[in-house]
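Worksheet: one structure, shown below.
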Amino acid sequence: ARSRVTLGQPRYVSPRHRVDWARLDTRDLCADRDLASTYLCDCGSPARSTGVYCFPSHRDVVLSPPHAYMVDASQPRSRSCGGPWRGLPAWARCALRGKPMGSADVELQAAPFSWPQNPRRSTYSAFWRRAAPFVALCLLVLVAYNRRSLLRHAQDAFAAVYYKSDPAMMGRSHSAFPSPVCCTGQSCVPKGGGRVVVLSTLSSPAYLPLFLQLECTLRMSNPGLELAVLLEPGLLPKSSERLLRKLGVTLVKTSPLEYPNTYEPRYGKNFVKLKAFNLTQYDAVLMVDADTVIVGDVAPLWSLPTPFAAVWDQYRWLGRHRTGLRGLNGGVLLLRPCPAVAAHMAGILESHPKLRFTHRAAEQDFLDWYFRYTGTVLPLEYNVQTAQSLVGNLTVGGVAPVVLHFTNQKPWHGREPGRLGHQFLCSAADLRRRSVAAGMT
């Protein structure tokens with residue numbers, strides 16, 4: 001007689017009680033005490049009528065890798081002391097096992113074993129298999145409709161790791177980057193105020209309509225104050241340059257200063273602002289972006305005893321809630337020209353490429369790094385970012401704005417009723433009137 005052991009389906013065992021059990025589907029197994037004791041069968045189990053769980057613990061059973069076995073009761077049992085020594089005679093196998101000839105045994109047929117899956121985990125897997133197409137569709141729609149925002153968040157995360165993990169990027173240390181000084185304290189303020197100017201830049205002809213809004217609002221809020229613009233040769237057509245001269249704008253021709261920028265390619269051209277430190281014909285320069293408008297008096301700025309001042313950059317917490325402040329914003333800068341400082345900055349940018357902030361806001365982050373420990377912070381009303389800090393006609397702090405900065409939605413088409421901050425812009429009639437007064441039809 002011979003009994004064959006074939007692969008069975010082991011029941012699930014939790015990781016705490018992971019044991020290689022085998023289901024032995026036979027009713028009279030426990031009647032054979034020799035076989036039951038050999039395989040440590042649970043003969044006291046109430047489930048004896050349907051099957052008995054046994055653990056193959058005998059020295060003849062090698063579980064590497066683990067295996068599961070089930071006794072097939074339809075096969076006759078062996079009486080020849082079967083075991084791993086199949087090449088030996090029956091009397092030798094029985095002698096090695098310490099059993100008399102004719103003892104009942106089983107022939108083990110090994111099969112690879114894998115633990116059954118947790119039923120609860122299987123339920124989770126089935127849920128995610130069904131939900132995966134829906135989740136993938138939602139992500140696809142989100143990427144399609146908000147691709148730029150997702151890319152910007154990814155860039156911000158990379159820049160946060162790339163720059164903030166370097167202690168040298170926290171701010172310019174005088175011991176590592178000693179800077180020349182042209183003035184300190186009250187020595188920065190000349191007697192009588194000196195010659196002052198509001199200076200802007202034009203990176204492309206497309207920004208000319210925004211600059212005309214800046215010119216119009218400045219003439220209305222600060223009459224008599226000089227307005228100048230940094231221009232690269234050949235950037236504007238001759239007719240546009242003629243219009244600016246007719247409007248009383250000083251054209252300051254300069255060579256370009258640009259570094260590549262992956263965060264926003266147009267930011268790379270903003271390094272031309274550093275050329276303002278070379279304008280020694282002025283005692284103080286208020287550098288403003290072309291997408292700003294000046295609607296209040298800026299005279300208090302000229303008497304500030306500081307070589308450099310700027311306003312904090314503003315953002316909405318989670319994109320829509322309370323206004324937060326971080327770093328400085330490069331849209332409005334008060335500076336005292338100093339060629340030694342300009343040369344020092346140029347040398348740093350050439351010798352330390354990381355300080356060009358290729359993956360951030362270019363000159364804005366560089367100036368924040370350079371003047372982190374020496375610059376002066378201006379009140380928020382001198383650079384009110386409309387989408388972040390303007391509430392009606394006041395700032396979030398309840399103060400009337402002096403300089404408005406259209407960082408997000410720029411007024412390319414002039415004043416549009418109902419748009420945030422557009423109530424401070426010049427109307428189309430005002431712009432046309434100024435053009436006619438300048439002799440341009």
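Remark: segment 139-249 carries 56 Å² of accessible area per residue (probe radius 1.4 Å; ligands, DNA and RNA excluded).
For TYR373, the solvent-accessible surface computed with a 1.4 Å probe is close to 140 Å², ligands and nucleic acids excluded. Amide H contacts under 5 Å for GLY324: TYR315, ARG316, TRP317, restricted to partners 5 or more places along the chain or on a different chain, H placed in the peptide plane at 1.01 Å from N. Step through the table entries LYS191/LYS354; LYS238/LYS275; LYS164/LYS273; LYS164/LYS191; LYS164/LYS275, compare each Cα-Cα distance with 32 Å, and write down the pairs that go over it. Violating the 32 Å limit, Cα to Cα: LYS191/LYS354; LYS164/LYS191.
Across the accessible surface of segment 192-438, with the other protein chains kept in place and a 1.4 Å probe, carbon and sulfur atoms take up 55 percent.
Eigen-decomposition of the gyration tensor built on the alpha-carbon atoms of segment 192-438 gives equivalent ellipsoid semi-axes of 25, 23, 18 angstrom, largest listed first. With a Förster radius of 41 Å applied to the beta-carbon distance between ALA131 and GLN155, the computed FRET efficiency rounds to 0.85.
Extension gain, ALA340 to ALA387: 0.36 nm times the residue separation minus the Cα-Cα distance gives 13.2 nm. Taking 0.36 nm per residue of sequence separation and removing the Cα-Cα distance, the ALA438/LYS238 pair yields an extension gain of 70.4 nm. Quick one: work out Rg over Rh on the C-alpha atoms of segment 314-408, Rh as Kirkwood radius. Expressed as Rg/Rh, it is 1.03. The HN-Hα couplings worked out from phi for segment 176-191 by the Karplus form 6.51 cos²θ - 1.76 cosθ + 1.60 (θ = phi - 60°) are 8, 10, x, 9, x, 10, 9, 7, 9, x, 5, 5, 6, 9, x, 5 Hz, whole numbers, x standing for Gly and Pro.
The phi-based Karplus calculation (6.51 cos²θ - 1.76 cosθ + 1.60; θ = phi - 60°) puts the 3J(HN,Hα) values of segment 402-408 at 9, 10, 9, 10, 8, 6, 9 Hz, whole numbers, x for Gly and Pro.
Evaluating 6.51 cos²θ - 1.76 cosθ + 1.60 at θ = phi - 60° for every residue in segment 330-337, the Karplus couplings come out as x, x, 9, 10, 9, 9, 9, x Hz, glycine and proline recorded as x. Report note on the peptides 380-390, 426-436, 300-310: ranked by the mean count of other C-beta atoms within 10 Å, highest first, their order is 380-390, 300-310, 426-436.
Amide H contacts of THR201 (H built 1.01 Å from N, in plane; Pro and chain starts excluded): LEU230, ALA290 sit under 5 Å, all sequence-distant by 5 or more or on other chains. Within segment 360-400, what residues put their amide N at less than 14 Å from the label point 7 Å along the Cα-to-Cβ vector of ARG419? The answer is 386-387. Close amide H contacts of VAL311 (hydrogens built in the peptide plane, cut-off under 5 Å, sequence separation of 5 or more or a different chain): ASN329, VAL332, LEU378.
The values are calculated or read from the model by the stated rules, or taken from the named source; none is laboratory data. Owing to the predicted nature of the structure, the values given are computational and were not obtained by experimental measurement. Glycine gets a Cβ as well: all are built from the backbone with ideal geometry, and neighbour counts include every protein chain shown. Heavy atoms of the whole protein, side chains included, go into the accessibility calculation; ligands, DNA and RNA do not. Shrake-Rupley method; radii C 1.70, N 1.55, O 1.52, S 1.80 Å.
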